[in-house]
1. Give region 111-139 a look and list any residue that's of a type in the set (A, V, I, L, M, F, W, C) and within 12 Å of the ligand (Cβ to nearest atom), or say none.
2. Residues of region 3-47 being in a strand (DSSP E or B), farther than 21 Å from A178 by Cα and hydrophobic (A, V, I, L, M, F, W, C), which ones?
3. Report the residue count in region 203-214 for those that are closer than 12 Å to V125 by Cβ and over 19 Å from the mean Cα position of the chain (by Cα).
4. Identify all residues within region 137-150 that are in a helix (DSSP H, G or I) and either small (G, A, S) or surrounded by 19 or more Cβ atoms within 10 Å (Cβ to Cβ) (or both); write none if there are none.
5. Of the residues G16, G11, G53, only one is more than 13 Å from the ligand (Cβ to nearest atom) and small (G, A, S); which?
6. Residues of region 94-110 being within 13 Å of the ligand (Cβ to nearest atom), farther than 20 Å from L145 by Cβ and assigned to a helix (DSSP H, G or I), which ones?
7. Residues of region 114-168 being of a type in the set (S, T, Y), under 17 Å from the mean Cα position of the chain (by Cα) and more than 20 Å from V189 (Cα to Cα), which ones?
8. In the list R155, R176, R116, R160, which residue meets the criterion of being touching a residue at least 40 places away in the same chain (Cβ under 8 Å), part of a helix (DSSP H, G or I), over 24 Å from S217 (Cβ atoms) and among the basic types (K, R)?
Amino acid sequence: MRQPFAITIDGPAASGKTSTAFQVAEALGFHHVDSGALYRAATAAALRAQPGGGWDENAVLAAAEIVVMQARKASFTPLLGGKEAEDEIRGDTVTAQVSVVAKMPRVRDWVNAQVRSLADLHDVVVDGRDIGTIVLPNAGVKVFLLADGHERARRRLLQRLGRQGTTAEVEEEMGRLAKRDALDAVQTVPAPDATIMDTTDMSQAEQVRQIIDLARSAGAAS
Ligand code: DC
């Protein structure tokens, strides 16, 4: 049997990884796996079990037993207790706590094991921070997305508010992103063999096309 093909897309918050990864997966007939969604699902599960926070690794891992990945369209998405929980895992409460949970080594092992088991069976596009370095170091294509802080803040607000942010909103969002970058900096490192793509002046369609070209040149099917 042919070995499944893996594409990794890493980069900082709001660099466009998740939507780019989904579109690449759709175009190639692959499955998209958002590793950040697994950290978010573990955090949401811990919050359900103990809303006040203050969990240790054991508490997070015990709570995360209700998380199961389910194939849906071109993605694997986490279910919590058998139900979709997209709004919950993307909400402010989870966003405020997830960086702490993502620092826990055994939670990282848990996420990595889930991602690897999907990549063992399916052609995947996985987005995250350390996928090309730690999780799937033998991936066929590795990409690291960058964009300048102002552009990332602008995109994030457009996504969240459905309109362009005001100057003040963009500046506030840049501050939030800088804090997130600092919290996640340790694990957000490009693999030595990753293609670095600065998307500040690129459209989404262009990013997707370039990654598909890389994948085809590397022998990905479709
Ligand atoms: O990309 P995101 O905002 O959904 O990620 C949520 C959190 O998980 C964020 O704190 C970074 C962390 N994360 C990580 O440490 N490693 C990954 N591979 C993916 C996400």
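1. Residues satisfying the conditions are V111, V115, V126, I131, I134, V135, L136.
2. Scanning region 3-47 gives A6, I7, V33.
3. Result for region 203-214: 1.
4. Of everything in region 137-150, just one residue is in a helix (DSSP H, G or I) and either small (G, A, S) or surrounded by 19 or more Cβ atoms within 10 Å (Cβ to Cβ) (or both), namely G149.
5. After ruling out the rest, the residue left standing is G53.
6. Scanning region 94-110 gives V94, A96, Q97, V100, V101, P105, V107, R108, D109, W110.
7. Result: S117, single match.
8. Residue meeting the stated conditions: R155.
The values are calculated or read from the model by the stated rules, or taken from the named source; none is laboratory data. Here the structure is a predicted model, which is why all the values come from computation and not from measurement. Backbone-built Cβ (ideal geometry, glycine too); neighbour counts: all protein chains shown.
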